[in-house]
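Heads up, the thing below is written out as structure tokens.
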Amino acid sequence: MTDKYQGIAAERQAECGERATFFDSKLRFFSKTNWITVLVPSLLGVVAGSALFAEPGFSFLGFETSTSIWIGLGTLAAAVLTAVHKGLDCDAHQAECRRLVQGYRSLEVRYRTLAQIETPNIVEILLALDSELGEIRLSQTATINPHD
């Protein structure tokens, strides 16, 4: 009978591992996009600001142009990238993904222990872990679905 419950624990372990891996891969992707939507606007702001001190009609990449065009383009690009970052609520989404990765990894380890070690009260522990898994699923606000 214990083997049956250990098998259930092993299935849950695999499920939690898959979900944690999925959200972790999304976090890696989001951390790369942060370079574009957070760091680049900051750098564009610096470049646009430094263009204020450039001589009129300076050459950039072989193109002669006025300083005000570069200031305007840099400011516009920075504003658009910042608006995308804020509009998509990237910081909150990444925080939620981090929470889900930690929660699923924690459950994965606990299910693994339950699957590998014979425990006399395995049913009670399995029910408690399933309750925690249900709470994580219920509280999940990330807009991505690991089964898509």
Contacts under 6 angstrom Cβ, first residue in the range 83-94 being over 14 Å from residue 36 (Cα atoms), partner part of a helix (DSSP H, G or I), 6 or more apart = 94/30
Residue check, residue 71 against (1) of a type outside the set (Ser, Thr, Tyr); (2) modelled with pLDDT of 70 or more; (3) surrounded by 12 or more Cβ atoms within 10 Å (Cβ to Cβ), all met but one. Which one?
-> (2)
Considering 88, 44, which residue is hydrophobic (A, V, I, L, M, F, W, C) and at pLDDT 70 or above?
-> 44
Please go through the range 98-118 and pick out each residue that is touching a residue at least 60 places away in the same chain (Cβ under 8 Å) and not in a helix (DSSP H, G or I).
-> 118
Given (1) at pLDDT below 90; (2) surrounded by 16 or more Cβ atoms within 10 Å (Cβ to Cβ), residue 111 misses just (1)
Selected residue (criterion: nearest to residue 91 (Cα to Cα)) from residues of the range 129-148 that are at pLDDT 90 or above and either of a type in the set (Asp, Glu) or surrounded by 13 or more Cβ atoms within 10 Å (Cβ to Cβ) (or both) | 136
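The values are calculated or read from the model by the stated rules, or taken from the named source; none is laboratory data. In this text the structure is predicted, and so the values were computed from the model without any measurement. All Cβ positions, glycine included, derive from the backbone under ideal geometry; neighbour counts span all protein chains shown.
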